[in-house]
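S.K.: Attaching a single structure in structure tokens format; questions to follow.
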Amino acid sequence: MSYRLCRLAFLTAAVSIVSGLCQAAEPDKPRPSEEQLFERANARIEKHRKAGAIVTVVNSSGDAVSGAKIQVEQTRHSFLFGSNIFKWGRVGDEKGEAEYRRRFADVFNFATLPFYWPTYEPKKGEPIHDQIEPAARWCKQQGITCKGHPLAWNYAEPRWLPDDSQQILDLQLARIDDCVKRFSGLIDIWDVVNEATHFDRAEFKKQAPKYTAMWSEVGQIEFTRKCFLRARQTNQKATLLINDYRVDPPYVQLIEKLVDEAGKPMYDVIGIQSHQHGGAWTNRKIWEVCERFAPFGVPLHFTETTILSGERGWRRSDRGQAWDTTPEGEAYQAREVERFYTMLYSHPSVEAITWWDFSDLHAWQRAPAGFLRKDMSPKPAYDKLHKLIKDKWWTRTSIETDDQGVARFRGTLGDYELTVKVPGGEPVTLPVSVVRDEKNEFSIRLP
């Protein structure tokens, strides 16, 4: 099932979900405690991440077949579990590269690919499309949905940028058009504008003075609108994100303004960064962040999630200090990963979680952030997440038709293969999708 269809299913439930969230936030109602928020997660997952399905089996004449055994096997989550995949093709040795790819494909169905302008187009007019495309095609072959990140961000700027702001704006919009058009059908989810809330902070003025000056001249919101408009014009079917590290009211206020002339949101998804180098978020913070953005009525993607498996803190590597994974840190990371993912997966508005980075090898800030160590061996957090995604939150069961040829099951939202076996007959397999708020009625005709 495509992400677009999943999103449409989400939106049909958005009004009732948001209404429930607003009611839950009423001041006269007691707020659940830290422990209660987590204790109730499994019940929320059962309610929001599963749906009932009905399977009817008939013979070649259309008559009901009773006693038919049906193997129900999930093949893919509709929820997007992912990571950036920045080290694809760059691990440095054949064995490590193979392990990186194998373990990525074994747990994830979502991958973020790098489109940072300074490194993506180091020479004017020479973007590295041919370096990114093989990774995107490999992901597609594995059934992994790709996202491009980011189309517009002023953390740094290409050295060749001109001084004129209008020329910079034109080049930025042309870049959006080029990337989105080039990868249409291969990458149809994009972080369009990254960190627009505080785009003019001091470090960005220093690191990207020309780009930041252009953004200031055009206007914070107006520039952001222009980028979304160009992306939408280039690919009408694309899923477009606004993404930010800010999770406070200023980000809410920016999102409120990111609408077109008719007042319609220009974004399809709200992206939320959750780097937790200093320590994992509490259940309360996780829930309150989700509640803050859920009323916009679109899916929430946690786009950049980090919990360390070593000493916690920020930028220790900048001071020349070793920053390695430790046994104690790995145990901590595994516990917090299970809690964090469980909380997010239980919230009805969250539709994706992306980890940052998949391996410690050249991870952001050189931090021990990965699910894999530098040698590509898995940490306990990887094993823990694998069990959640492919076991606890994965549906495989056997059912049998009744006298009317009908069988029922309740399964995790996603794609399935239903295989029917009857004595003396060849197995018949039907691919189906279990979708939120759909009837999920399937019929299998035996030869």
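Only the coordinates and a few stated rules stand behind these numbers; no lab work does. Please read these numbers as outputs of a predicted model, since none were measured by experiment. Reconstructed Cβ throughout: ideal geometry from the backbone, glycine too, with neighbour counts over all protein chains shown.
S.K.: Can you run phi through the Karplus equation (6.51, -1.76, 1.60; θ = phi - 60°) for segment 349-356 and list ³J(HN,Hα) in whole Hz, with x for Gly and Pro?
M.R.: Whole-Hz 3J(HN,Hα) from phi for segment 349-356: 8, 7, 10, 7, 9, 10, 7, 9.
S.K.: Further question: In whole Hz, with x marking every Gly and Pro, tabulate ³J(HN,Hα) for segment 283-298 from phi via Karplus 6.51 cos²θ - 1.76 cosθ + 1.60, θ = phi - 60°.
M.R.: 4, 4, 5, 4, 5, 5, 5, 4, 5, 5, 9, 4, x, 6, x, 10
S.K.: Okay, next question. Give the Rg (one decimal place) followed by the Dmax (whole number) of the chain, computed from C-alpha coordinates and expressed in Å.
M.R.: Just the Cα atoms of the chain yield Rg and Dmax of 23.3, 77 Å.
S.K.: What is the order of R182, R366, fewest Cβ neighbours within 10 Å to most? Before the final figure, lay out each step's value.
M.R.: Numbers: R182 14, R366 17.
Fewest-to-most Cβ neighbours within 10 Å comes out as R182, R366.
S.K.: Taking 0.36 nm per residue of sequence separation and subtracting the Cα-Cα distance, how much length would be gained by fully extending the chain between K123 and A202, in nm to one decimal? Present the calculation step by step, with values, prior to reporting the outcome.
M.R.: Numbers: separation 79, 0.36 × 79 = 28.44 nm, distance 2.64 nm.
Full extension of this stretch gives 25.8 nm more.
S.K.: May I pose another question? What lysines sit close enough to K387 to cross-link, taking a C-alpha to C-alpha distance under 30 Å and skipping anything fewer than 8 places away on the same chain?
M.R.: K47, K50, K69, K87, K95, K140, K147, K285, K374, K379, K421, K439
S.K.: Antiparallel versus total DSSP beta bridges in the chain: what percent is that, nearest 5? Numbers along the way, then the final one.
M.R.: Numbers: 31 of 72 bridges.
Antiparallel: roughly 45 percent of the beta bridges in the chain.
S.K.: Only Cα pairs within less than 10 Å get springs; with that Gaussian network setup on the chain, which residue of E97, E291, E426 has the largest fluctuation?
M.R.: Its mean-square fluctuation being the largest, the pick is E426.
S.K.: Rank these for me by crowding, V65, V269, V350, going from fewest to most other beta carbons within 10 Å. Could the numbers behind the result be given before it?
M.R.: Details: V65 18, V269 25, V350 22.
Sorted ascending by nearby Cβ count, the order is V65, V350, V269.
S.K.: Estimate the FRET efficiency between D106 and R40 by the formula 1/(1 + (r/R0)^6), using the beta-carbon distance for r and 35 Å for R0, to the nearest 0.05.
M.R.: Working: r = 30 Å, r/R0 = 0.86.
Step by step, r from the Cβ atoms, then E = 0.70.
S.K.: Using only helices, what value at 222 nm comes out for the chain when you add -39,500 (n - 2.57) per DSSP H run of length 4 or more and divide by the total residues, to the nearest 500 deg cm²/dmol? List each step's numbers first, then the result.
M.R.: Details: 14 runs with 163 residues, N = 447.
About -11000 deg cm²/dmol.
S.K.: Using Cα centres only, tell me the gap between segment 325-381 and segment 279-314 in whole Å.
M.R.: 13 Å
S.K.: Could you check the simple spin-label distance between S66 and S184, using points 7 Å along Cα→Cβ, in nm with one decimal?
M.R.: Inter-label distance under the simple model: 5.5 nm.
S.K.: So if I take the centroid of the Cα atoms in segment 110-156 and the same for segment 387-447, what is the distance between those two points in Å?
M.R.: Here the answer is 37 Å between Cα centres.
S.K.: On to the next question. Compute the normalised compactness of segment 348-434: alpha-carbon radius of gyration over 2.2 N^0.38 Å, N being the residue count. Please list the in-between numbers first.
M.R.: On the way: Rg = 19.8 Å, N = 87, 2.2 N^0.38 = 12.0 Å.
My calculation over the Cα atoms of segment 348-434 gives 1.65.
S.K.: Using a ≥ b ≥ c from the Cα gyration tensor of segment 180-329 (square roots of the eigenvalues), is it rounded, prolate or oblate, where a/c under 1.5 gives rounded and otherwise the larger of a/b and b/c decides, a/b for prolate?
M.R.: Prolate.
S.K.: Between W314 and S216, how high is the FRET efficiency from 1/(1 + (r/R0)^6) when r is the Cβ-Cβ distance and R₀ = 41 Å? Nearest 0.05.
M.R.: Numbers: r = 27 Å, r/R0 = 0.66.
Using R0 = 41 Å, I get an efficiency of 0.90.
S.K.: Using alpha-carbon pairs under 8 Å, 6+ residues apart, how would you state the relative contact order of the chain in percent? Intermediate results must be reported in sequence, preceding the final value.
M.R.: Values: 840 pairs, mean separation 123.5, N = 447.
With pairs under 8 Å counted, the relative contact order is 28 percent.
S.K.: Quick query: amide H of D188 versus all other amide H atoms, modeled in the peptide plane; which residues come in under 5 Å with a sequence gap of 5 or more or a different chain?
M.R.: Under 5 Å from the amide H of D188 lie the amide H atoms of C146, each far enough along the sequence or on another chain.
S.K.: Neighbouring Cβ atoms within 10 Å as the yardstick, rank Y345, Y116, Y416 fewest first.
M.R.: Values: Y345 21, Y116 15, Y416 24.
The most exposed by this proxy come first: Y116, Y345, Y416.
S.K.: Same structure, new question: Could you run the Karplus curve 6.51 cos²θ - 1.76 cosθ + 1.60 with θ = phi - 60° over segment 78-89 and give me ³J(HN,Hα) per residue in whole Hz, x for Gly and Pro?
M.R.: Calculated HN-Hα couplings, in order: 7, 5, 9, 9, x, 7, 5, 10, 5, 8, 4, x Hz.
S.K.: Shifting gears a bit: At q = 0.13, 0.16 Å⁻¹, what is the log10 ratio I(q)/I(0) for segment 97-180, with the Debye formula run over Cα points and no solvent?
M.R.: For the requested q values the scattering log ratios are -0.49, -0.68.
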